[in-house]
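Presented below is the structure to which this report refers.
The values are calculated or read from the model by the stated rules, or taken from the named source; none is laboratory data. All values derive from a computational prediction rather than experimental measurement. Here the Cβ positions follow ideal geometry from the backbone for every residue, glycine too, while neighbour counts run over all protein chains shown.
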Amino acid sequence: MMKHKLKEMARSSLVPLLYRYPPTCLAPERLYLYLHYLIEYRDVPGDIVEIGCNLGGTAAVAQNMITRLGINKKYICYDTFDGFVEQQFSDDVGRGTPTGNRHMFSGSSKRLVAKILRRHNAGDVTLIQGDITTIPDSKLPASCSVVLADVDLAEPTYHALKRFWPRLAPGGAILVDDCPEGNDWKARIGYSRFCQEAGLPEQYRHGMGILTSGATH
Ligand SMILES: C[S@@+](CC[C@H](N)C(=O)[O-])C[C@H]1O[C@@H](n2cnc3c(N)ncnc32)[C@H](O)[C@@H]1O
């Protein structure tokens, strides 16, 4: 724990140097796809939500883009801000995720991410801390237009979809990162399980699972 705290403090003091460019984790084609949905779905009402934002790089790019385009929507990020929940990660080790990934996103904090966002003129992004499977309903938006679910693991992906699908505005879309077949990350298992239970078709683009509600674009 102490090691993670020290990592967070070192990162925080070096923000201008370490995070001179927005630290996005999305592969280029998936970042493109997400931004494309944000533009194409601009007229769908409701907040934009990123579940699993890590250091806020994608949020910074997306918030700047929507501001430049006059898309006046709230951008909300959910994260533990300290990496994976132990049990959720262990479950995926049993499905083949390498144990070496355990601490991949630890050593962060809400304060650090807020600082990185401000550095990139994206201080308007709302940050909410917690495990997406247990965050109280009162902290979830009433309605969203585009959701990026990027928590890597099967269980939190499944629960995120269960919680956000009913909140998706008609004509809205959810994109789930890390869904290629045979991937180390098991998000696809959570996405596939949700689709089967909800009776929705599984659709994949550039390794992302897609869910659309109502009208297509
Ligand atoms: C791949 S990173 C997100 C990358 C980010 N979307 C981007 O594009 O830069 C995965 C994030 O999911 C978060 N996470 C994992 N399990 C979670 C859970 N149960 N609830 C909330 N956040 C979680 C981790 O802390 C980590 O920051």
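Tabulated results
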{"quantity": "Output for the stretch 159-185, where each listed residue is without any contact (Cβ under 8 Å) to a residue 40 or more places away in the chain, buried (at least 22 other Cβ atoms within 10 Å of the Cβ) and closer than 18 Å to Gly199 by Cα", "calculated": "Ile174, Val176"}
{"quantity": "Condition met for Asp82 (at pLDDT below 95, out of contact with any strand residue (DSSP E or B) (no Cβ under 8 Å at 6 or more places or on another chain), of a type in the set (Asp, Glu) and surrounded by 14 or more Cβ atoms within 10 Å (Cβ to Cβ))", "calculated": "yes"}
{"quantity": "Sole residue being buried (at least 17 other Cβ atoms within 10 Å of the Cβ), modelled with pLDDT of 95 or more and either more than 10 Å from the ligand (Cβ to nearest atom) or under 16 Å from Val146 (Cβ atoms) (or both), chosen from Gln88, Gln63", "calculated": "Gln63"}
{"quantity": "Meets criteria (of a type in the set (Val, Ile, Thr), buried (at least 19 other Cβ atoms within 10 Å of the Cβ) and within 18 Å of the chain's Cα centre (by Cα)) for Ile39", "calculated": "no"}
{"quantity": "Qualifying positions in the stretch 93-113 - in contact (Cβ under 8 Å) with a residue 12 or more places away in the chain, surrounded by fewer than 18 Cβ atoms within 10 Å (Cβ to Cβ) and of a type in the set (A, V, I, L, M, F, W, C)", "calculated": "Met104"}
{"quantity": "Residue list for the stretch 195-211, restricted to those being under 17 Å from the mean Cα position of the chain (by Cα) and closer than 12 Å to Leu161 by Cα", "calculated": "Gly209, Ile210, Leu211"}
{"quantity": "Complete set of residues in the stretch 74-85 that are near the ligand (Cβ under 10 Å from one of its atoms), in contact with a helix residue (DSSP H, G or I) (Cβ under 6 Å, 6 or more places away or on another chain) and part of a strand (DSSP E or B)", "calculated": "Cys77"}
{"quantity": "Qualifying positions in the stretch 42-53 - buried (at least 22 other Cβ atoms within 10 Å of the Cβ) and either part of a helix (DSSP H, G or I) or more than 16 Å from the ligand (Cβ to nearest atom) (or both)", "calculated": "Val44"}
{"quantity": "Residue check for Gly56: buried (at least 21 other Cβ atoms within 10 Å of the Cβ), within 15 Å of the ligand (Cβ to nearest atom), in contact (Cβ under 8 Å) with a residue 24 or more places away in the chain and at positive phi", "calculated": "yes"}
{"quantity": "Unmet requirement for Asn121, which otherwise passes all of (1) surrounded by fewer than 16 Cβ atoms within 10 Å (Cβ to Cβ); (2) in a helix (DSSP H, G or I)", "calculated": "(2)"}
{"quantity": "Total residues in the stretch 91-108, condition within 22 Å of Leu148 (Cβ to Cβ) and either within 11 Å of the ligand (Cβ to nearest atom) or aromatic (Phe, Trp, Tyr) (or both)", "calculated": "6"}
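Conditions tested, residue by residue: (1) more than 16 Å from the ligand (Cβ to nearest atom); (2) at pLDDT 95 or above; (3) charged (D, E, K, R); (4) in a loop (DSSP other than H, G, I, E, B).
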position: Glu155; (1), (2), (3), (4): no, yes, yes, no
position: Gly171; (1), (2), (3), (4): yes, yes, no, no
position: Leu175; (1), (2), (3), (4): no, yes, no, no
position: Pro201; (1), (2), (3), (4): yes, yes, no, yes
position: Ala215; (1), (2), (3), (4): yes, no, no, yes
